[in-house]
Every structure is written in C-alpha cells, then in structure tokens.
Amino acid sequence: MLKRRGLQIAILSLFLMFAFGSIDLVYSQPTREAEEPEVPDLETWTQLPPEHQEIDLKTSCMICHNYKIDATTTATKQMVRVGRKLDKDVLWKRIAEHLGGGKQTKTMVMATSLNNIPLTTTCDQMLDPKEKILYAFYEIGTEKLSHLRENPYVSLQWHKPWENDFSKVLCVQVRGSAKLFDGSSTEIEEGIKIYFPTIPEENRKELLSRVKVNMVMCKTTIDQLILFEGTLLTQGLSSYQMWRREDSFTPSFYTR
C-alpha cells in the first residue's frame, strides 16, 4: 500500500515538473517583432500601385526600392515610360517657356566629342520656339568649333539650381545636330534677329558687321528633349516627359 502510494506521488511530481517546465519554456522564448513587408524592386515597366503609401515628393524612389533593369534600358528610359504624359504640343510649349520662349537666352552646358574625347562648355542659347532650333554665337578659334565641324551631334543641358527638394527640380536635356555658319553666310543676319530680338534695326547692322568678323553662328536642330520637372508630380503626371521631333527618333540615328 505504501509502495503504491509512493509510486503515485513520484509520478505526480514528475508530471508537475514537466508541466511547469514547459510553461517556463514558453514564456522564456523571445517575442518576435512584426516583420516588415518586403519592398519590391522597380523593373522597366513597374507602375505605381493604387495601394502605395503616400509619396513624399522631396525624396526619390531609390530610397526604398532597388532598380532592376536590363542592360539596354537606361534609368531615363524607364522613368519616361511610367506615369501620365503630356500632349506633345502642350509639352513643347511648357519646355519652350522654360528655355526662354524666344525672348531671352539661357546659359546651357554643351557636350561635344571628337575622336572619343569629350568636351563640355557653357554657352548662351536662344530658342526659336517655332522652328525648334537653338541659336548661339561662338568666338572664332575655340576648341568646340573643331569638334562641331567633325562631329555635329551634341547634347545640351539647362537646370535650375538645386533647392534640396525633388518637388522643385527643373532641368531640360537636349539632343540635336549642330550646323556652323561663318561671316560669309546670309543665314547670320536672320540668326541675329532671332538671337537679339530687342535690338533696334539701326544698331543691328553695326552688330552684324562685328559678328561677321569675330564670331561663328551655330544652329542646333533639336531632335529630342527630356524634361524633368518635380511639380508635375503634384498634378498627377510623370516628372519625366520626353519630346521628339520625329516619334521614331533614337540616338542611334546619328551613327547611321
């Protein structure tokens, strides 16, 4: 009788020991924090999903996302494909206003290349908004003129100073082909009228005589423009907009 009672007490003790040990084990396990949702990569055709959190226009997508694009797709190509686009004529009017609208010059950076050796220079450009051509006058003998005579394909860029706010970004990138005219060309007189629209006729003749001796006129036919404007995001539009003279244009046309 005593042996059976002792066996029951031993079994009960073992049961209680395992029970309380299991409870202690459960409560001693570290609690897991809620896992953050995985942030997807941005691919070439990624669209902004409707359930996306509110976007802070002062930051960039790359703060949260990685870019996953193929070897032949540039970041700019990806950007211009995403979001709502402006009508081509509306876009041109907007870009023309940013570039002075034919009323004032804009100081732009021009990139040229000769024998795979690049050169960038600053130059004042006047836009002819009707013909979509940039006019500039360069001093005779500068290095960029040697580049342009051998390789007329150029890229130009203008931007507003950075204000540490992506919603205020504004810049324009240009691709085009340049053509030079010296003092013997009749084109220079027309270029003077476009470049200096406010100069009186009597003063224009004197200016023309000086330009013919000391300067070379450059006409850059614009083939492609890319506008990057942060304020477009506040209107539900893509901040990247592309304008092309010919819809089929690609930079590879220059190498054909």
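The values are calculated or read from the model by the stated rules, or taken from the named source; none is laboratory data. It should be emphasised that the depicted structure is a prediction, and the values quoted were computed from it without experimental measurement. So basically every Cβ, Gly included, is an ideal-geometry build from the backbone, and we count neighbours across all protein chains shown.
Filtered by the rule that a residue be without any contact (Cβ under 8 Å) to a residue 12 or more places away in the chain and not charged (D, E, K, R), the stretch 116-156 gives N116, I117, P118, T120, G141. Answer with yes or no whether I95 is surrounded by fewer than 18 Cβ atoms within 10 Å (Cβ to Cβ) and either at pLDDT 95 or above or out of contact with any helix residue (DSSP H, G or I) (no Cβ under 6 Å at 6 or more places or on another chain) (or both). It is false that I95 is surrounded by fewer than 18 Cβ atoms within 10 Å (Cβ to Cβ) and either at pLDDT 95 or above or out of contact with any helix residue (DSSP H, G or I) (no Cβ under 6 Å at 6 or more places or on another chain) (or both). Restricting the stretch 32-53 to residues that are out of contact with any strand residue (DSSP E or B) (no Cβ under 9 Å at 6 or more places or on another chain) and among the acidic types (D, E), the residue that is modelled with the lowest pLDDT is E33.
Residues that are more than 21 Å from the chain's Cα centre (by Cα), closer than 18 Å to M110 by Cβ and among the hydrophobic types (A, V, I, L, M, F, W, C) within the stretch 205-254 comprise M215, V216, M217, C218, listed in sequence order.
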